[in-house]
Structures are given as structure tokens and as C-alpha cells.
Amino acid sequence: MLNFVLSQTSHEAAEIYAKAYKKALPLRCNSNIVLNDLLNIADVLLYRYAVNDTKKTWVSKFNKEELEKYASETRKMNLTQICSDKKALDMLDQDIIMEHVFYFETGKLLFEYSIKKADCLLLQNQ
């Protein structure tokens with residue numbers, strides 16, 4: 001599948017990773033979130049998500065505290081997935097940062113966060 005040679009620069013590894021995973025997009029993550037794009041920008045993998053309302057969850061109506069809670073829960077979910085994925089861990093081991101940005105369907109930025117190698121180390125030590 002994906003073969004990351006240690007002699008590759010982190011930028012090259014990120015480019016290969018992004019190209020391979022981009023083929024599966026768009027990818028519905030849950031009823032409100034769709035991963036639409038994965039870009040590599042130097043040593044950063046940028047994940048772009050669209051967030052929409054559903055009958056069950058009206059994200060557009062969240063107040064500040066509700067949105068912060070939703071963002072925190074989403075980050076925890078992503079962190080758990082990334083830290084258990086060998087290929088993603090390979091990227092983090094090369095000091096690649098995974099930036100996640102979430103836009104409402106109107107284009108408004110709702111929230112964003114980064115995941116780094118240190119985040120997985122913290123998760124493992126909990």
C-alpha cells in the first residue's frame with residue numbers, strides 16, 4: 001500500500017500520504033461532518049471538513065460553549081483515530097503536523113485544531 005522510505009523528506013512523505021488518501025474523498029465522518037479535502041503544505045497535512053446541520057444536531061444554532069464542546073469532542077475522536085493508525089503515526093513521527101479545519105456549508109470557519117506527535121504521546125500516557 002503506502003510505503004514511506006526513511007530517506008524521504010517529511011515534505012515528500014506528506015505529499016505521498018495526501019495523494020493516497022485523497023482518492024477516498026469526500027468521506028463522511030459522521031452525520032454532520034464530511035472530510036472534503038486533504039492537502040499537503042510543506043510539513044503540514046491540512047484536512048478540510050464541511051459541517052452541516054441535521055435534524056438531530058443543528059451545529060449552526062450552537063452557542064459559543066456548545067461549539068467549543070463539539071470541537072473538543074471532534075478533536076478527541078480524531079486524535080483517537082490518528083493515534084491508532086500506523087500510517088498516520090508514521091507521518092507524526094516525521095514531525096508532520098496535521099491541521100484540521102472545519103467550515104460550515106456557507107464557508108464560515110467554525111473551528112480548527114492541530115494534532116502533533118506529542119498529542120499521541122500524551123494520549124498513550126493517560
Residue match in the range 96-104 (condition: surrounded by 12 or more Cβ atoms within 10 Å (Cβ to Cβ), hydrophobic (A, V, I, L, M, F, W, C) and in contact with a His (Cβ under 8 Å, 6 or more places away or on another chain)): no
What number goes with the only condition from (1) touching a Phe, Trp or Tyr at 6+ places or on another chain (Cβ under 7 Å); (2) aromatic (Phe, Trp, Tyr); (3) surrounded by fewer than 16 Cβ atoms within 10 Å (Cβ to Cβ) that residue 58 does not pass? (1)
What's the total number of residues in the range 91-107 that are more than 20 Å from residue 11 (Cα to Cα) and either in a loop (DSSP other than H, G, I, E, B) or touching a helix residue (DSSP H, G or I) at 6+ places or on another chain (Cβ under 7 Å) (or both)? 4
Members of the range 109-126 that are part of a loop (DSSP other than H, G, I, E, B) and at pLDDT 95 or above: 116
Lone unmet requirement of (1) surrounded by 12 or more Cβ atoms within 10 Å (Cβ to Cβ); (2) of a type in the set (Ser, Thr, Tyr); (3) over 12 Å from residue 101 (Cβ atoms) for residue 74: (3)
Take residue 60 and tell me if it is more than 21 Å from residue 117 (Cα to Cα), modelled with pLDDT under 95 and of a type in the set (Ser, Thr, Tyr). yes
If you check residue 50 against the conditions, is it at negative phi, small (Gly, Ala, Ser) and in contact (Cβ under 8 Å) with a residue 40 or more places away in the chain? yes
Given the conditions (1) surrounded by fewer than 12 Cβ atoms within 10 Å (Cβ to Cβ); (2) without any contact (Cβ under 8 Å) to a residue 60 or more places away in the chain; (3) out of contact with any Leu (no Cβ under 9 Å at 6 or more places or on another chain), which single one is not true for residue 32? (1)
Please determine whether any residue of the range 69-90 is closer than 20 Å to residue 10 by Cβ, at pLDDT 95 or above, part of a strand (DSSP E or B) and not hydroxyl-bearing (Ser, Thr, Tyr). no
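The values are calculated or read from the model by the stated rules, or taken from the named source; none is laboratory data. Only a predicted model underlies this, so the values are computations on that prediction, with no experimental measurement involved. Here the Cβ is made from the backbone with ideal geometry for all residues, glycine too, and neighbour counts use every protein chain on show.
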